[in-house]
Amino acid sequence: MSQISPFSPRPELIAPGKTNKDWINFARQLVPGGNAQLWAEAFDSFLLARLRSRYLKPIGMIREKGAWEGEGFTIASIQCALIEFLAATRAGKNYRHRNPQPPYEYSGSRDLFVRFLFQTAPFDKLFSEADAGDYYSNVRCALLHEARTKDGWIIWVNGPVPVDCQKKVVYRDGFQSLIESYIDDYGLELTKDVALQEAFLQKFNDLAA
């Protein structure tokens, strides 16, 4: 009776039920400016499914089970990781720790992260360039590197706006709703925007490599 070697390479899942080989085969059908239904399927089956399984559902579970005892730090940390991934997907960029090769690779995330927040709807209504830089340094970096916020920033559950940069408050639930609204809008844009389609291919081809 044959057995699978424990050292055999496992197929890499880039979305639930979708391996890197599934993407490579599907991507052969995708042409920038081409069939909108295929681009909608790419969004639903690969990107949205990936986001739901790795980010959106886990955040929802934490919110549902939370007791207002500090889980906002976990939620905001995941949101920051999600924002960077969304920014990189929109720009068609991939992270490389050493020797990134421009224009499609980066090692420092500040510029990518900040530009996304102050230049991309609907976040641009909340963040100036300076505000986005403040958020990056004192929320994103502080959370991911020190498990805290800095320079007066705090995290609350909900409020009148998703993020109040003047008061330095992240309203975690409102911000999550804004992020999910962006994802929905991006999915519609992807079916018709050639530049987004080219960037999407760049990002997912790298994920599947």
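The values are calculated or read from the model by the stated rules, or taken from the named source; none is laboratory data. Source: prediction; values computed, not measured. Because the Cβ atoms are built from the backbone with ideal geometry, glycine has one as well, and the counts that use them run over all protein chains shown.
Of all the listed residues (G66, G92), the sole one being in contact with a Lys or Arg (Cβ under 9 Å, 6 or more places away or on another chain) and among the small types (G, A, S) is G92. Contact map, the stretch 47-60: residues that are at positive phi and in a helix (DSSP H, G or I) paired with residues that are acidic (D, E) and modelled with pLDDT under 95, Cβ distance under 8 Å, separation 6+ or inter-chain. No pairs are found. Against the conditions (1) surrounded by fewer than 18 Cβ atoms within 10 Å (Cβ to Cβ); (2) assigned to a helix (DSSP H, G or I), R98 satisfies every one except (2).
Screening K168 on (1) closer than 19 Å to A81 by Cβ; (2) over 18 Å from the mean Cα position of the chain (by Cα) shows it passes everything except condition (1).
Here's the yes/no breakdown for (1) aromatic (F, W, Y); (2) surrounded by 14 or more Cβ atoms within 10 Å (Cβ to Cβ); (3) at pLDDT below 95:
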residue	(1), (2), (3)
Q37	no, no, no
A49	no, yes, no
Y55	yes, yes, no
P58	no, yes, no
E71	no, yes, yes
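Restricting attention to the stretch 73-102, the residues that are modelled with pLDDT of 95 or more and at positive phi total 1.
Residues of the stretch 47-99 that are among the small types (G, A, S) and under 22 Å from L117 (Cβ atoms): G72, A76, S77, A81, A87, A88, A91, G92.
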